[in-house]
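*Asks:* First, the structure itself, so that you have it in front of you.
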There are 2 protein chains.
Amino acid sequence: MPESSKIKISIIGAGSAVWSIPVLIDIMLKKSLANADVYLMDIDLDRLKLVYGFAKRYAEEIHSTVKFHMTTDRVEAIRDADFVINSAMAMGHSYYERMREISEKHGYYRGINSVEWNMVSDYHTIWGYYQFKLAMSIARNIEEYAPDAWLLNVANPVFELTTLISRKTKVKMIGLCHGHMGFENVIRELKLPKDKVEAEIIGFNHVIWLTKFKVDGEDGYKFLDKWIVTEADKYWKKWRETTANPFDIDLSPAAIDMYKNYGLLPIGDTVRGGTWKYHWNLETKKKWYGPYGGPDSEIGWAMYVAFLKMRLYEIYKAITDTSRPLTLLFPPKPSGEQVIELIDSMVTGTPRTFQVNILNNGSIPGIPDNVAVEMPAVIDDKGVHRKTFPPLPSKIQKYVIYPRMMRMEWALEAFLEGGRDKLFEWLIYDPRTKSTRQVEETIDDLLKMPGNEEMAKHYS
Amino acid sequence: MPESSKIKISIIGAGSAVWSIPVLIDIMLKKSLANADVYLMDIDLDRLKLVYGFAKRYAEEIHSTVKFHMTTDRVEAIRDADFVINSAMAMGHSYYERMREISEKHGYYRGINSVEWNMVSDYHTIWGYYQFKLAMSIARNIEEYAPDAWLLNVANPVFELTTLISRKTKVKMIGLCHGHMGFENVIRELKLPKDKVEAEIIGFNHVIWLTKFKVDGEDGYKFLDKWIVTEADKYWKKWRETTANPFDIDLSPAAIDMYKNYGLLPIGDTVRGGTWKYHWNLETKKKWYGPYGGPDSEIGWAMYVAFLKMRLYEIYKAITDTSRPLTLLFPPKPSGEQVIELIDSMVTGTPRTFQVNILNNGSIPGIPDNVAVEMPAVIDDKGVHRKTFPPLPSKIQKYVIYPRMMRMEWALEAFLEGGRDKLFEWLIYDPRTKSTRQVEETIDDLLKMPGNEEMAKHYS
């Protein structure tokens with residue numbers, strides 16, 4: 001690791017203010033990064049200026065010596081970087097909403113991208129052509145201009161992108177997602193002593209399972225089982241009436257049903273997945289995910305997108321209102337996100353455990369080496385120290401891991417090879433498909449959509 | 001290998017006269033088996049007597065010294081055998097037809113057992129509970145009473161049963177299927193010099209692909225490509241009008257479409273597979289498979305079942321009519337089936353290449369070791385000498401091998417673990433499924449069917 005005075009961090013997609021700001025605060029709070037150069041890069045200059053303005057003012061307020069730079073030139077941001085954080089989403093939310101709308105006209109509720117164990121509305125796999133392309137070109141830039149850098153990828157789809165980039169480039173890469181932190185809501189609701197809980201959560205990103213669960217040495221699942229018998233009904237009744245958050249599903253009927261069916265508790269975004277059993281339509285989603293049908297229903301997702309806009313407006317207001325310190329709205333406290341803590345461990349050589357996505361290479365039996373898994377691993381200045389784990393239960397392996405892995409392979413094949421047939425194969429296995437004609441017409445209309453010209457060429 | 005005088009062959013399910021008779025003739029024609037003891041075993045005494053009667057009389061006619069025995073006692077048949085041939089089908093065709101009828105009432109055309117790359121009407125996987133159980137108990141008998149015997153399994157589903165038994169027992173097993181011989185029809189139609197054709201056909205049973213195709217050293221696919229351009233339309237026009245055989249599909253539009261889509265020619269029963277693209281309904285099947293919709297439509301399958309009955313009646317007539325020699329209707333010529341040739345190679349130590357199904361163990365890259373693959377291998381008195389092959393093309397690997405392998409794993413899991421949830425998972429991924437209720441009601445009705453009492457318990 002370079003000395004702290006020389007560290008260069010570049011943040012690609014830094015204009016995502018809602019995501020960037022806590023990360024920038026984390027950087028400014030780290031002693032080890034006190035003299036870092038942080039390059040904020042985005043193609044949206046307005047939003048970049050907003051975030052850059054935030055960083056500069058915040059640094060002044062808390063007397064941080066971190067040096068911030070802004071650029072719309074990706075190569076400038078990446079050149080000689082030690083860490084490249086990728087949070088960029090190609091095309092905006094509204095682009096995907098338009099694809100969703102076209103899909104739904106043809107009978108594909110929530111879009112052709114939503115499939116078993118990937119119902120998350122912005123985890124763009126088969127229709128993520130531009131997103132895959134962007135992530136790959138960032139990785140290629142790193143190969144060329146910063147071959148020793150770590151790529152810390154928080155951009156979705158973490159599972160697909162980590163597998164793709166790790167297979168196809170020489171870049172040292174870790175995929176990160178805060179989804180596993182959903183487990184903290186479980187601990188809180190079960191009223192367990194957090195510091196006595198020992199847990200391991202493994203699988204694929206967004207498809208992770210609580211494989212180890214001890215409370216003060218005792219089997220933690222005992223407490224969950226008891227909660228289900230004695231508390232769940234009361235909890236759900238109150239929750240249906242009071243919850244204001246479509247993401248509040250860690251102990252939803254869906255989560256508990258999956259636990260009963262697959263034998264382990266699904267954690268974080270995993271609960272949002274499952275088969276069509278949980279997702280046929282809004283009514284089904286409400287049954288399993290509560291009053292908004294979870295974050296991935298038409299209601300929940302609209303709420304989320306609106307929340308992002310509101311939050312952006314708050315940030316905008318806070319930054320333009322120079323009469324009040326930024327620290328009032330954004331207190332100088334660690335965000336709880338992993339990415340800067342992980343950089344700190346690498347810079348200082350302090351070994352700590354993080355929840356990472358990297359190629360399996362034997363860590364979880366029964367999963368091919370060249371598929372990215374999510375698991376805890378120790379990180380220090382030598383890099384990632386992988387552990388090995390017992391295999392996932394057979395039911396999860398066969399009915400969750402296999403189908404999800406297959407869809408990942410299909411999404412990668414579609415991106416790498418192109419050709420209309422790849423979209424055809426994607427849809428012909430879909431339970432929403434009723435005829436070959438439906439498949440052909442859906443593909444036609446999606447590829448004809450304005451904005452998809454290049455994608456249409458790729459899939460012609 | 002034992003000396004020829006001591007060889008014991010047992011044929012389980014020998015009452016399947018249409019299948020057994022050519023095999024029995026093959027045995028009687030083999031010098032190496034001249035003094036063999038052949039145990040014909042079946043639980044259907046009437047049909048067993050018919051086949052036994054045939055064997056005795058045929059042996060007399062051609063002066064064979066093979067000793068035939070008949071028994072309804074499986075252990076007696078298997079004890080100390082050198083070779084156990086399993087051709088037994090648990091339950092009759094009409095049992096599966098009843099399950100098909102119930103499935104179709106709930107929207108599952110051709111039954112819940114028909115899924116992508118397994119549309120073959122008597123390749124019973126998810127609903128093959130009794131068939132799996134029978135095959136496993138035969139394998140257990142072999143472990144106990146003839147631990148050195150080779151189990152030569154021709155009973156379907158060869159893919160599932162070979163994988164299951166090879167994983168779960170110590171039995172030395174080879175799965176055999178004559179499907180690959182469909183390639184001979186291709187050679188004939190393309191008017192290629194058979195003795196100059198060099199071919200390799202690999203994959204899973206019923207999912208095999210022409211990976212190597214040379215004609216006199218030249219690329220054989222050139223001839224196929226030319227045939228498609230210059231002959232196919234003429235051929236199909238005539239074929240639609242003249243073919244009398246629903247199995248005559250080796251060069252059907254389905255076969256050629258699969259070739260264009262997946263890059264290799266599908267061979268034999270592989271053509272009967274594919275996604276729902278080829279199978280939505282009778283109309284679709286007719287488009288791709290000709291006037292009867294292929295062997296697996298309601299028409300083609302009824303024809304096949306009727307053919308089996310006719311053939312059985314012919315055999316019955318031939319045997320009861322003592323005025324004419326059996327050799328008149330059944331000339332003493334090798335059948336072309338592999339199973340007795342294979343035994344001959346093992347007994348005599350004559351190495352020959354056979355198309356076998358055995359656990360992969362590295363032969364085909366990209367397929368797990370513990371999954372049965374179909375491929376050519378040399379067999380002699382030392383056993384099976386496996387080759388290694390280049391990987392299948394990525395498109396076949398991802399869109400054919402993966403989904404088929406997943407369904408195999410699901411069928412095995414359902415059989416090994418039981419539980420209603422296994423049937424649920426099978427159906428919730430099916431493009432014919434439109435609601436959770438449809439799944440539940442289908443399972444209810446199938447398990448309530450008379451004859452399924454034990455299976456219902458297994459899946460409760």
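The values are calculated or read from the model by the stated rules, or taken from the named source; none is laboratory data. This structure is a prediction, so every number in the text was calculated from the model and none was measured. No Cβ is skipped: glycine too gets one built from the backbone with ideal geometry, and neighbour counts run over all protein chains shown. Accessible surface areas use protein heavy atoms only, side chains included; no ligands, DNA or RNA. Shrake-Rupley method; radii C 1.70, N 1.55, O 1.52, S 1.80 Å.
*Asks:* Is the range A:399-408 home to any residue that is closer than 14 Å to A:W117 by Cα, among the β-branched types (V, I, T) and part of a helix (DSSP H, G or I)? So that I can check it myself, show each step before the final result.
*Replies:* Step one: filter the range A:399-408 for residues closer than 14 Å to A:W117 by Cα, giving A:399-408.
After this cut, where a residue has to be among the β-branched types (V, I, T) as well, the list is A:400-401.
Filter once more, so that each one left must be part of a helix (DSSP H, G or I): A:400-401.
For the range A:399-408, residues closer than 14 Å to A:W117 by Cα, among the β-branched types (V, I, T) and part of a helix (DSSP H, G or I): present.
*Asks:* Going through the range A:31-55 one residue at a time, which ones are outside any helix (DSSP H, G or I) and either crowded, with 20+ Cβ neighbours inside 10 Å or of a type in the set (D, E) (or both)?
*Replies:* A:A36, A:D37, A:V38, A:Y39, A:L40, A:M41, A:D42, A:D44
*Asks:* Determine, yes or no, whether A:I12 is β-branched (V, I, T), open to solvent by less than 10 Å² (accessible area, probe 1.4 Å) and over 22 Å from A:K382 (Cα atoms).
*Replies:* Against the criterion (β-branched (V, I, T), open to solvent by less than 10 Å² (accessible area, probe 1.4 Å) and over 22 Å from A:K382 (Cα atoms)), A:I12 qualifies.
*Asks:* Now for a separate question. Only one of A:I428, A:I364 is within 21 Å of B:M405 (Cα to Cα), among the hydrophobic types (A, V, I, L, M, F, W, C) and over 22 Å from the mean Cα position of the chain (by Cα). Can you tell me which? It would help to see each step written out before you state the result.
*Replies:* Working: A:I364 fails: over 22 Å from the mean Cα position of the chain (by Cα).
Only one candidate passes the filter, namely A:I428.
*Asks:* Now for a separate question. Of A:D80, A:D44, which residue is within 24 Å of A:L164 (Cα to Cα) and touching a residue at least 24 places away in the same chain (Cβ under 8 Å)?
*Replies:* A:D80
*Asks:* When the residues of the range B:369-390 are narrowed to those that are surrounded by 14 or more Cβ atoms within 10 Å (Cβ to Cβ) and in a loop (DSSP other than H, G, I, E, B), which ends up farthest from the chain's Cα centre (by Cα)? Write out each step before concluding.
*Replies:* Just the residues of the range B:369-390 that are surrounded by 14 or more Cβ atoms within 10 Å (Cβ to Cβ), to begin with: B:371-380, B:383-384, B:386, B:389.
Adding the requirement that they be in a loop (DSSP other than H, G, I, E, B) leaves B:371, B:386, B:389.
Details: B:V371: 17, B:R386: 21, B:F389: 23 Å.
Going through the qualifying residues, I end up with B:F389.
*Asks:* Quickly run through the range A:305-327 and pick out the residues that are touching a residue at least 60 places away in the same chain (Cβ under 8 Å), in a helix (DSSP H, G or I) and of a type outside the set (A, V, I, L, M).
*Replies:* A:R311, A:Y316, A:T327
*Asks:* Count, please, the residues in the range B:420-460 that happen to be of a type outside the set (F, W, Y), within 14 Å of another protein chain (Cβ to nearest Cβ) and open to solvent by 10 Å² or more (accessible area, probe 1.4 Å).
*Replies:* So the count comes out to 11.
*Asks:* Pick from the range A:328-349 the residues that are open to solvent by 70 Å² or more (accessible area, probe 1.4 Å) and part of a loop (DSSP other than H, G, I, E, B): which of them is farthest from A:I396 (Cα to Cα)?
*Replies:* Once the filter is applied, the top-ranked residue is A:K333.
*Asks:* Let me ask you something else. Pick out, from the range B:177-296, the helices (runs of 4 or more DSSP H) lying fully within it that include 3 or more residues that are open to solvent by less than 70 Å² (accessible area, probe 1.4 Å), at pLDDT 95 or above and more than 25 Å from B:I112 (Cα to Cα).
*Replies:* Counting at least 3 such residues, we get B:182-189, B:221-230, B:232-242, B:253-262.
*Asks:* Further question on the same structure: Say we look at the range A:103-124 and pick out the residues that are β-branched (V, I, T) and within 14 Å of chain B (Cβ to nearest Cβ); which of these is nearest to A:T442 (Cα to Cα)?
*Replies:* Across the range A:103-124, the extreme among qualifying residues is A:I112.
*Asks:* Which residues, taken from the range B:148-175, are assigned to a loop (DSSP other than H, G, I, E, B) and open to solvent by less than 10 Å² (accessible area, probe 1.4 Å)?
*Replies:* B:A149, B:A155, B:P157
*Asks:* When the residues of the range B:137-147 are narrowed to those that are in contact with a helix residue (DSSP H, G or I) (Cβ under 9 Å, 6 or more places away or on another chain) and farther than 15 Å from B:A88 by Cβ, which ends up most open to solvent (accessible area, probe 1.4 Å)?
*Replies:* Residue satisfying both the conditions and the ranking: B:E144.
*Asks:* Out of the range B:350-368, which residues are open to solvent by less than 20 Å² (accessible area, probe 1.4 Å) and over 21 Å from B:V120 (Cβ atoms)?
*Replies:* Narrowing the range B:350-368 to residues open to solvent by less than 20 Å² (accessible area, probe 1.4 Å): B:354-358, B:360, B:363-364, B:367.
Result: B:F354, B:N360, B:S363, B:I364.
*Asks:* Give the residue, chosen from B:A14, B:A90, that is under 19 Å from the mean Cα position of the chain (by Cα), closer than 30 Å to B:E441 by Cα and in a loop (DSSP other than H, G, I, E, B).
*Replies:* The conditions single out B:A90.
*Asks:* Could you tell me whether the range B:394-414 includes any residue that is surrounded by fewer than 20 Cβ atoms within 10 Å (Cβ to Cβ), more than 26 Å from B:I165 (Cα to Cα), more than 8 Å from chain A (Cβ to nearest Cβ) and of a type outside the set (K, R)?
*Replies:* Looking through the range B:394-414, none of the residues is surrounded by fewer than 20 Cβ atoms within 10 Å (Cβ to Cβ), more than 26 Å from B:I165 (Cα to Cα), more than 8 Å from chain A (Cβ to nearest Cβ) and of a type outside the set (K, R).
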